[in-house]
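Read through the structure below, which is laid out as structure tokens, and then see the notes.
The values are calculated or read from the model by the stated rules, or taken from the named source; none is laboratory data. Nothing here was measured: the structure is a model prediction, and the numbers come from that model. Methodologically, a virtual Cβ is constructed for each residue, glycine included, from the backbone with ideal geometry; neighbour enumeration extends over all protein chains shown.
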Amino acid sequence: MRSAIITVLCLWPTSAFADLPQPQAVCDQALKHAELNESLDDWSGRARSRHLLPEIEAEVAVTDTKGVTDNFRETLTPSDAGLIPKSLQTTTDNDNTERLAFKLRATFDFKGLIFDPQEIRAEVVSRDRAQERDLRCMQVIDLYFDWWTLRFRQETKPTDAVNQARIQAKLDVLTGGWFTKQLREKP
């Protein structure tokens, strides 16, 4: 569900009201200040496209064996007294072996290209932000026209100036000070 941008149409007399900020500009600035002007429509696309990349598992194994083999060889010669050692041979073999093994696995999850569960969450967040944008715009526009009514009322009361200042302060809070800055910049 996408939110419609609220557009306020009113006939502005060219002389007295031309220097005032337009309601749509005030609303846009309030959304910008609240960081609600950014679209989240690309979240679902990013949730799906992440399945184009594989999940990669890598494994490295190092085997180091050091073996020393001692071989003894003795030659015995028969004699009248029994067996007599004739020669003794000793050999030592060093067997050093190092092995390095790599294992790499890439797993693709293509079912997420059709539907990703994160899309539901992204759509809920997007819908909530759209509702928040609409509420913020309605709040700003209501305050703006209350301020406008008090500013151009024919019969002024002592409380009108206070109420106008209060509403202007609320508009400044919602627009980050932009509203009063715009009033000061206009002659």
Checklist entry - Considering segment 166-183 alone, what residues qualify as being β-branched (Val, Ile, Thr) and either surrounded by 15 or more Cβ atoms within 10 Å (Cβ to Cβ) or in contact (Cβ under 8 Å) with a residue 40 or more places away in the chain (or both)? => result ILE167, THR175
Checklist entry - Out of (1) outside the structural domain of ALA130 (by TED's automatic domain parsing); (2) modelled with pLDDT of 70 or more, the odd one out for PRO85 is which? => result (2)
Checklist entry - If you scan segment 107-132, which residues turn out to be within 20 Å of the chain's Cα centre (by Cα) and among the basic types (Lys, Arg)? => result ARG121, ARG127, ARG129
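Table: residues versus (1) surrounded by 10 or more Cβ atoms within 10 Å (Cβ to Cβ); (2) assigned to a strand (DSSP E or B); (3) of a type in the set (S, T, N, Q); (4) modelled with pLDDT of 75 or more.
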| site | (1), (2), (3), (4) |
| --- | --- |
| ALA25 | yes, no, no, yes |
| LEU31 | yes, no, no, yes |
| GLY45 | yes, no, no, no |
| GLY67 | no, yes, no, no |
Checklist entry - Considering segment 139-165 alone, what residues qualify as being exposed (fewer than 14 other Cβ atoms within 10 Å of the Cβ) and without any contact (Cβ under 8 Å) to a residue 24 or more places away in the chain? => result ASP142, THR149, ARG153, GLN154, GLU155, THR156, LYS157, PRO158, THR159, ALA161, VAL162, ALA165
Checklist entry - Somewhere in segment 160-178, is a residue at pLDDT below 85 and either more than 30 Å from LEU53 (Cβ to Cβ) or touching a strand residue (DSSP E or B) at 6+ places or on another chain (Cβ under 6 Å) (or both)? => result yes
